[in-house]
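Please read the structure below before turning to the comments.
Laboratory data are not the source of any read-out in this text; all were calculated from the coordinates shown. Owing to the predicted nature of the structure, the values given are computational and were not obtained by experimental measurement. Virtual Cβ from ideal backbone geometry, glycine too; neighbours counted across all protein chains shown.
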Amino acid sequence: MSISPNVPSPQESYHYESKGTPRWVAVLFIVVIALLAVLGYFGYTTQSRLSQDLAEQQKLNKVLTAQLDQANSRIADLKSKMEITTQRVGLTQSEIAQAKSRAEAIRKEQQTSDQKLSAQLKESEEKIGAVASEVGGAKKDIEATKTDLEATKGKLERSLGDMNVMSGLIARNHDDLDELRRRGDRNYYEFTLQRSKSPQRVGPVQLNLSKTDPRKSRYTLTVFVDDRSIEKKDRTVGEPVQFYVKGSARLAPYEIVVFDVGKSQATGYLATPKDASAAAPAAPPAAASKP
């Protein structure tokens, strides 16, 4: 059955346009992901360095504490010997002076050791504080980047189609399309259409690319399905081009998104509802009416 191109029904042709998201948004999305990976790596290496510094400082503190205990023990032993010596009969003044001199030397040595230990502890605290500040700053940067990423992702995910119906998730390139396939929300059929007079089968429909304008990123194609043809004229790269087929009206419209328009070809994909696998097959070229 053929339908005259001069009298299309409301369900057969739609010619609404909406502005696609600019190409730079996808680039920004990739740059933000790379920045997030760099910041995450920086936070991880900084935390590892902090743990290593703390372990080394604890080892040094143990050594200094052992030295301090040893010096205190020596002072106590010397004091005890001095008390015994002063009680001895015939203890000479020279021996007492020598003992006092030795005790003073030990005291000064201990004082120097204590000052060195205090300086080292202070330096360690300052170093740990600086590293902690670095980690805190990195965490704040990561959180800010995550917030920006979510905001950008929200702009990329959905768009208003040419039928004024909110689209499903939109892919802007082959990598995005692979991600949509992993989610499994819809059926996806990637294509590269050559400008030709003959339609090309894509999934359950046939598509014919009749016009391309790389400078303006626009194209015109015709969809052949359910023994009818639907022309989508002067559509924009990244714009969800929508249409319904028999049995899919209760679900969501079929959507065509073109990634790139060349001089004589267009690359993109067709997305169909998951439950639309049994939809009517595309009309053969000979049976389809031209708009």
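So for segment 191-273, taking the charge dipole from beta-carbon charges (+1 Lys/Arg, -1 Asp/Glu), which of THR192, VAL205, GLN265 sits furthest toward the positive end? The residue sitting most towards the positive pole is GLN265. Global size of segment 197-276: 12.4, 38 Å for Rg and Dmax (C-alpha atoms, Rg to one decimal, Dmax whole). For the peptides 163-174, 231-242, 99-110, 187-198, residues were scored by their other Cβ atoms within 10 Å and the scores averaged per peptide; the highest-first order is 231-242, 163-174, 187-198, 99-110.
Given their separation in residues at 0.36 nm each and the Cα-Cα distance between them, LEU54 and VAL27 gain 5.6 nm when the chain is fully extended. Calculated on the Cα set of segment 160-202, radius of gyration then Dmax: 12.9, 35 Å. Once you have a ≥ b ≥ c as the square roots of the Cα gyration tensor eigenvalues for segment 50-136, tell me rounded if a/c is under 1.5, and otherwise prolate or oblate according to whether a/b is larger than b/c. Since a/c reaches 1.5 and a/b is larger than b/c, the shape of segment 50-136 is classed as prolate. For ALA132 and SER198, the FRET efficiency from 1/(1 + (r/R0)^6), where r spans their Cβ atoms and R0 equals 51 Å, is about 0.15.
In the structure shown, the pairs LYS197/LYS263; LYS79/LYS116; LYS197/LYS246; LYS81/LYS116; LYS232/LYS274; LYS79/LYS122 are assessed against 21 Å; a Cα-Cα span above that value is assigned to LYS79/LYS116; LYS197/LYS246; LYS81/LYS116; LYS232/LYS274; LYS79/LYS122.
Gain in length, ASN61 to SER118, computed as 0.36 nm per residue apart minus the alpha-carbon separation, to one decimal in nm? Fully extending the segment from ASN61 to SER118 adds 19.5 nm. So, in nm, how far is label ASP275 from label ASP77 when the simple model puts each one 7 Å beyond its Cα toward the Cβ? Rounded to a tenth, the inter-label distance reads 9.1 nm.
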